[in-house]
Each structure stands twice: as C-alpha cells, then as structure tokens.
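> Here it is: the structure, laid out below.
Read the figures in this text as sums done on the coordinates, not as results from a lab. Computed from a prediction, not measured in an experiment: that's the story for all the values here. Neighbour counts are summed over all protein chains in view; Cβ atoms, including those assigned to glycine, are modelled from backbone coordinates with ideal geometry.
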C-alpha cells in the first residue's frame with residue numbers, strides 16, 4: 001500500500017517521524033517528499049499510520065491521507081529517500097520560535113553554547129529562508145553553508161532531534177553574526193554580548209533577525225527614539241525578556257498569554273500597566289503591543305543585558321519596506337548594527353494580533369503566521385493584489401487561497417516592488433498560473449501596473465472589484481459561507497457611485513453585492529488634507545448642522561465654505577470616529593494611520609449608553625451627522641462617544657436584520673479596519689446574537705485592508721466558474 005499525506009508536512013520533521021514510527025512497528029519501506037506531499041511506501045502501512053498519528057511532530061498538520069492501492073515491492077528495512085517534484089504549496093512551513101530544547105542547548109556548555117542559529121526539526125526559520133519546494137536544504141539559503149562532519153552525523157542519526165533537519169548547523173559550519181559600529185569598526189568576537197552592553201548604555205541599534213531587521217533600544221530611551229526616528233505618537237511594540245518581565249508592562253488575559261507564548265510569537269495588544277514607560281510606548285491608548293523573544297539572538301541578547309525590555313520596531317527608511325540588505329543598513333544612522341551572513345529570501349514583518357475573547361483578530365498577518373491557506377471550494381487559479389494601504393497579495397490554486405505576508409503602504413518607495421516579489425514567490429510556491437487578477441476599483445492605486453504586466457505575461461483577465469465588496473468576501477472566506485449581510489466599516493474605499501465609501505451595509509455573495517444601507521455622506525474638505533487636519537471634518541459637520549464653527553479664521557472659514565460643494569463626499573465610519581475624537585478633545589491632529597479612532601477607544605471602553613443620540617434613517621441612509629448637533633458639553637465624554645457609536649452600529653444592524661428576515665439571509669457580519677476596535681466588535685456581536693441571525697467576525701483573515709486581496713481572489717475564482 002502507498003499512502004499520500006497532505007498538509008503541513010515539510011520542514012517540520014515529518015519524514016523523521018515516519019521513519020521512527022516504521023522502526024517502532026517493524027515496517028519496511030520508504031518515505032519521501034513528492035512536491036508538497038509526503039509519500040510512504042510500506043508493507044505495514046496501517047500499523048505505521050496508527051503509530052505516526054499519535055506521535056506527530058509538534059509543528060505538523062495533516063489535512064488529508066490518501067491510500068493508493070500499489071503493491072509493495074521493496075525490500076526489508078526502512079529509509080528516507082530523496083525528494084521528488086516541485087510542489088503546489090500545501091506544505092510551505094512557517095517560521096517558528098526557537099524551542100526549549102534548543103534554547104537550553106544554547107545556554108549550556110557544549111559546542112552550540114552561545115550559538116544564535118541553533119534550531120532543530122521543531123523550530124527555527126522556514127519560510128523566510130525558503131527558495132522553493134520541496135523543503136530541502138538546497139532549496140533554502142542554508143545551501144551556502146555545507147554541514148560539518150558533526151552536524152552531518154546528527155542529520156543521519158534517527159535518535160537525534162536533528163535527524164533530517166534541513167537547516168542544521170553549528171559555529172563551525174553555520175552563519176555568523178558580526179557587530180558593525182557607526183565609525184566602521186567591525187567586531188566579530190562576542191558581538192551579541194558587546195551589543196547588549198551598548199544597549200544598556202543607551203545606544204540605538206539595528207539587529208538582523210530571521211525575516212528582516214529591527215531598530216531597538218531599551219525602553220527608558222523611548223523619548224530619544226521618537227525624536228531620532230521622527231515618530232512622534234505612533235505606538236512602538238516592546239519585546240520583553242520573559243512572562244515575568246511582561247507583567248510589569250501589561251496585563252494579559254489567559255487567551256492573550258496563550259497567544260504570546262505560542263510558537264508564532266506575534267506582537268499581541270494587551271491592556272497596559274500605567275507607567276511613564278508604557279505611556280511613552282503607546283501615547284493615549286489603554287493597550288500596548290508586547291511580544292516575547294523568538295530567535296536565538298533575542299534570547300542571547302537578553303541574557304547579557306540588565307534591562308528586561310527593548311523597543312523592537314521594523315527597521316526601514318520611513319515609508320519603505322523593512323530592510324533585509326546589509327549594504328543599505330547604514331542609511332538608518334544607528335549607533336551599531338548587529339548583522340549576520342545568512343541571506344533572507346522572504347521578508348516578513350512581525351505579526352500583530354489582538355484577542356476578542358478567545359478569538360484571534362489579525363491586525364497584521366506575517367512572520368510566524370504565513371504561509372497559510374484557506375479552503376475556498378472553487379477550482380481555478382487567481383490572484384488578488386489588494387488595495388493601497390496595509391497591502392497584501394493573495395494567490396489561489398487547487399481549491400485554496402494563499403495570502404502573502406504583510407507588504408505595507410503602496411504609495412511608498414519600494415512597496416509595489418515588494419508586493420510583486422511576494423506575489424510571484426507565492427505563485428511559484430503553489431504552482432499558480434492565474435486566469436484572473438483582482439484589483440481595486442480605485443484608478444490610481446500603484447499595484448495596477450503590476451496587474452497589467454502579469455496580465456500580459458499570463459493572459460489573465462483583470463477584474464476591478466469594489467473595495468467593500470472585497471472586504472465582505474474576505475469575511476465570507478474566513479467563515480466558510482457564501483452569502484452574508486456585512487457591515488463594512490473603514491476609512492475610505494472607492495465606491496461605485498463616485499463617492500468614498502466606508503460605512504456600508506452590503507448584501508454580498510461572491511457573484512455580486514447590493515448596497516442596502518450606509519451612513520450619510522459628508523464632504524472631505526480638501527480631500528486628503530481632511531484626513532490629517534481634523535478641523536475640516538468638524539467644520540463640515542457643523543456646516544451641515546447649521547452650527548457656527550470657530551476652528552478657523554474668517555478667511556479660512558470662507559475657503560472651507562466654498563469647498564463644501566466641491567469636495568468628494570464620504571460615508572466613512574472611520575471619519576465619524578475621527579470627528580468624534582476631535583470633538584471630544586482626545587485627538588486634535590492625526591499623526592499616523594488610525595490615530596484618532598485608536599485614541600477614542602479608551603473612551604468607548606468606559607462609556608455608558610445615554611438617551612438623545614439615536615439617528616434617523618431614511619431609505620437606508622443613517623444620519624450620523626445630526627448626532628453631532630446634540631452634543632452639549634454637559635455629558636460625560638465617555639458616554640457621548642459610546643452612545644453615538646452604539647446607536648450607529650445598532651442602526652446598521654437593524655437595517656441588516658430587516659433585510660435578512662425578508663430575504664432569508666442567515667449571517668450578518670462585520671469587517672473593515674473599524675471592526676478591529678474591541679468595543680465596536682463586541683457591540684455588534686451582542687446585537688446580532690439577540691436576533692435570529694448568526695454573527696460573522698474575522699478570525700484568520702485581517703479585518704482591515706490586509707484581507708482585501710483574499711476577497712478579491714475569491715471573487716475572481718467565482719468569475720472563472
């Protein structure tokens with residue numbers, strides 16, 4: 001009998017586990033990688049499988065087992081044989097935090113003591129150093145580091161945890177770190193220990209890890225870092241030595257702690273412990289982004305330091321993708337650079353998540369959480385290229401959708417090229433030959449150029465897809481349904497009527513959508529300027545309500561008044577939150593994406609429902625504007641914020657519920673960047689649960705624009721059908 005096993009079965013020690021199970025049950029035969037699958041030929045397949053399934057390696061995931069009636073003709077004994085064909089992606093492994101066994105080895109006397117690249121079949125970088133499938137050493141950046149005799153002996157020993165570990169190495173044969181100082185001095189003797197001392201003394205450094213580089217400094221140097229890096233208010237994530245240290249800075253729930261200590265090691269947003277340091281890390285917010293060490297270098301660095309926490313933020317020239325190229329790193333102007341000579345083949349920023357109870361909400365899905373796939377139930381090959389901000393791409397093949405890692409803001413230098421590189425890598429990995437390419441309706445997005453080139457190369461049809469329909473489709477893919485009514489709430493997206501949408505109620509399938517409700521539109525005075533100068537949003541609201549506005553001089557107000565009828569209009573829920581944050585005095589100016597809404601969140605979390613802020617609804621238009629005329633200044637700010645948001649969400653859920661009842665739709669969902677707000681998501685969920693309908697909330701797919709490419713890809717696949 002022959003057995004074909006599919007799932008995450010390469011780069012996770014799967015073949016060694018098969019070998020050990022075969023020896024344990026006395027089976028003869030062989031095992032090999034065939035493309036992205038693992039194939040077993042044996043004279044005792046059933047017994048071998050029974051043992052294997054109860055002794056799977058920790059990182060393995062079996063999706064399917066296929067038995068093929070092929071008579072066994074081999075001899076006695078069991079072997080691991082060379083890999084076969086190029087694969088189609090089902091087994092692409094993710095990077096996984098260094099395991100306890102390797103960590104103990106690094107910290108104990110022996111040949112790997114202090115060696116930061118110590119890993120085994122249960123841990124270490126995978127995707128970030130992978131060139132192609134099958135997952136063998138020759139297909140990784142470790143092909144430049146041939147194993148020494150001692151490493152080869154470990155590789156060949158079935159009793160060793162590095163048996164057939166494709167990237168094993170040691171100080172004799174593996175990559176090495178070096179410390180480069182700003183004056184050009186290069187230090188190769190104990191570079192990590194030397195850097196630890198510099199950081200404790202106040203230095204700002206760049207450190208190279210698995211998927212890219214971080215700018216780092218001790219947390220008591222946060223204000224200096226903000227001035228040095230030109231990042232006035234945007235939150236910084238901090239990496240802490242261990243869970244005991246973490247509790248000085250944050251208060252994780254049990255579910256958050258589980259996520260923090262998972263092998264993926266994402267940045268997790270948790271409630272912060274108030275202090276000067278945590279306020280400096282996330283000004284004006286109730287939460288803080290925290291993560292634990294995941295590479296050997298991180299652990300070794302902390303082992304030499306007095307400080308128990310470091311600011312760790314992606315190292316890049318502002319606006320450009322995270323750096324991976326050693327030759328450009330000096331442009332950052334740091335005091336020191338801890339670099340290594342192992343090439344990074346696939347860049348990957350840290351993943352960022354927050355928990356809604358026990359449910360994961362991805363703000364950014366990247367290192368440790370890609371590659372991954374979602375079943376779609378539609379065959380064909382398709383590509384989605386996302387929107388403009390928080391870009392990802394996605395490719396579909398073989399009934400699965402594979403999103404890329406987080407890419408960035410498409411307006412910035414190097415980001416469109418990074419998107420193309422990531423999409424082409426994913427296409428190669430999974431064997432995708434696209435028949436259709438999904439792009440956003442917006443005519444000025446930078447990824448359109450890549451779409452045209454890819455279409456010319458492959459003959460694939462380019463399909464323009466409305467932004468919020470793509471959001472709703474991503475939500476459906478995430479929850480494995482093919483119809484829903486979705487509240488699509490975000491900043492802005494190009495609507496099909498020439499306005500900028502962002503506060504929509506859509507009845508959506510993969511075939512099409514109907515806009516059944518939306519917030520009342522307001523003008524964006526000066527277009528993009530209104531996104532940063534929040535006075536303009538308040539002026540528009542006041543003008544529509546017939547209220548005098550005193551935020552501008554008479555001359556400026558005259559100009560603003562002329563713009564009222566000339567500016568693009570938006571139904572954006574995000575702009576409502578921006579205006580509310582300005583009106584209530586929690587944010588006077590937006591200095592980074594999402595800042596006003598994020599600063600408003602602490603008020604929402606503490607607010608209570610009061611009367612007087614119920615919106616009127618006419619023909620599906622929910623009048624959010626009139627609510628601002630009812631603010632007297634005598635109410636608690638928290639209650640005003642909560643009541644306006646609660647009633648707007650409630651009006652949208654009521655609109656959804658009425659339509660769902662009359663049209664037989666079972667699911668009502670919420671998606672878009674606004675839905676990452678925990679208070680808003682909880683409001684929505686409780687409201688829908690009180691009806692006869694089922695709430696849909698994101699779990700695997702980012703709520704914001706990072707999920708757009710997945711929705712585009714699903715819509716493209718339906719077009720192929």
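> Under Stokes-Einstein, with the Kirkwood radius over Cα pairs standing in for Rh, what whole-number D in µm²/s applies to the range 177-353 at 10 °C and 1.306 mPa s?
97 µm²/s
> Further question: Given a Förster distance of 60 angstrom, what is the FRET efficiency for residue 275 paired with residue 2, based on the Cβ-Cβ distance and rounded to 0.05?
Numbers: r = 61 Å, r/R0 = 1.01.
Once rounded, the FRET efficiency stands at 0.50.
> Could you give the angle, 0 to 90 degrees to the nearest 10, between helix 415-430's Cα long axis and the longest principal axis of the Cα atoms of the chain?
Around 50 degrees separate the two axes.
> Pop a pseudo-label 7 angstrom from the Cα along the beta-carbon direction at both residue 261 and residue 132 and give the gap in nm to one decimal.
4.2 nm
> What FRET efficiency comes out for residue 617 versus residue 690 if R0 is 22 angstrom and r is the Cβ-Cβ distance? Round to the nearest 0.05.
The calculated FRET efficiency here is 0.70.
> Here is a further query. Looking at the chain, what % of its DSSP beta bridges pair antiparallel, to the nearest 5?
Among the beta bridges of the chain, antiparallel pairing accounts for roughly 75 percent.
> Return, ordered by residue number, the residues of the range 377-391 whose backbone nitrogen is under 20 Å from a label point located 7 Å along Cα→Cβ of residue 699.
377-378
> Between residue 62 and residue 46, what is the label-to-label distance in nm when each label sits 7 Å out along the Cα-to-Cβ direction?
My value for the distance between the label points is 1.5 nm.
> Here's something else I'd like to know. Calculate the radius of gyration of the Cα atoms of the range 425-484 to one decimal place, then report Dmax, the largest Cα-Cα distance, as a whole number, both in Å.
For the range 425-484, the Cα radius of gyration and maximum Cα-Cα distance read 13.2, 35 Å.
> Based on the Cβ-Cβ distance from residue 152 to residue 188, what FRET efficiency comes out when R0 is 22 Å, to the nearest 0.05?
Approximately 0.30, to the nearest 0.05.
> State the Kirkwood hydrodynamic radius of the range 2-80 in Å, one decimal place, computed from all pairs of distinct Cα atoms.
Evaluated on the range 2-80, it is 12.2 Å.
> Here's something else I'd like to know. Compactness ratio of the chain: Cα Rg over 2.2 N^0.38 Å, N = residue count? Could you put the intermediate results ahead of the total?
On the way: Rg = 26.9 Å, N = 721, 2.2 N^0.38 = 26.8 Å.
Scaled against compact globular proteins, the figure is 1.00.
> Do you know the relative contact order of the range 615-684, to the nearest whole percent, from alpha carbon pairs under 8 angstrom that are 6+ apart? Walk me through the intermediate numbers first.
Details: 38 pairs, mean separation 19.6, N = 70.
Rounded, it is 28 percent for the range 615-684.
> Hey, another quick one. Taking neighbour Cβ counts within 10 Å as the exposure measure, how do 644, 290, 80 sort from fewest upward?
80, 290, 644
> Quick one: angle between helix 191-200 and the longest Cα principal axis of the chain, in degrees between 0 and 90, rounded to 10, please.
30 degrees
> Follow-up question, since we're still on this one. With bins 10 Å wide starting at 0, give me the P(r) of the range 382-528 over every alpha carbon pair, in whole percents.
Pair shares across the bins are 11, 39, 36, 13, 1.
> Further question on the same structure: Does anyone have the angle between helix 448-458 and the longest principal axis of the chain? Alpha-carbon axes, 0 to 90°, nearest 10?
It works out to around 40 degrees.
> Oh, and also: Using 0.36 nm per residue, how much length does the chain from residue 327 to residue 457 gain when fully extended, once their Cα-Cα distance is taken away?
Between residue 327 and residue 457, full extension yields an extra 43.6 nm.
> On full extension of the chain, what length is gained from residue 223 through residue 108, given 0.36 nm per residue of separation minus the C-alpha to C-alpha distance?
37.7 nm
> Hey, what did the chain get for relative contact order, percent, Cα under 8 Å, at least 6 apart? Numbers along the way, then the final one.
Values: 1677 pairs, mean separation 83.7, N = 721.
Once divided by the residue count of the chain, the mean separation gives 12 percent.
> Give the separation of the Cα centroids, the range 295-311 to the range 94-108, in Å.
14 Å
> Find how many whole Å separate the alpha carbon centroid of the range 1-72 from the alpha carbon centroid of the range 451-470.
Here the two parts' Cα centres lie 40 Å apart.
> Using only the Cα atoms of the range 212-300, what do you get for the radius of gyration and for Dmax, in Å?
12.8, 36
> Next question. Taking the radius of gyration and the Kirkwood hydrodynamic radius from Cα positions alone, what is the Rg/Rh ratio for the range 42-171, to two decimal places?
Expressed as Rg/Rh, it is 0.98.
> What is the order of 538, 562, 208, 234, fewest Cβ neighbours within 10 Å to most?
562, 234, 538, 208
> So, in Å, what gap is there between the alpha-carbon centers of the range 323-352 and the range 664-721?
35 Å
> Along its three principal axes, how long is the range 483-696 when you only count alpha carbons? Whole Å, largest extent first please.
Largest to smallest, the principal-axis extents are 54, 37, 31 Å.
> Can you put 665, 18 in order of Cβ neighbours within 10 angstrom, beginning with the fewest?
Ordered from fewest to most neighbouring Cβ atoms within 10 Å, 665, 18 come out as 665, 18.
> With an 8 Å Cα cut-off and a minimum separation of 6 or more residues, compute the relative contact order for the range 177-353 in percent.
It rounds to 37 percent for the range 177-353.
> When the Kirkwood radius is taken over all Cα pairs of the range 284-371, what Stokes-Einstein diffusion coefficient follows at 25 °C and 0.890 mPa s, in µm²/s?
D = 157 µm²/s.
> Please list the three semi-axes, largest first and in whole Å, of the ellipsoid equivalent to the range 280-429, using sqrt of 5 times the eigenvalues of its alpha carbon gyration tensor.
Here the semi-axes work out to 29, 20, 16 Å.
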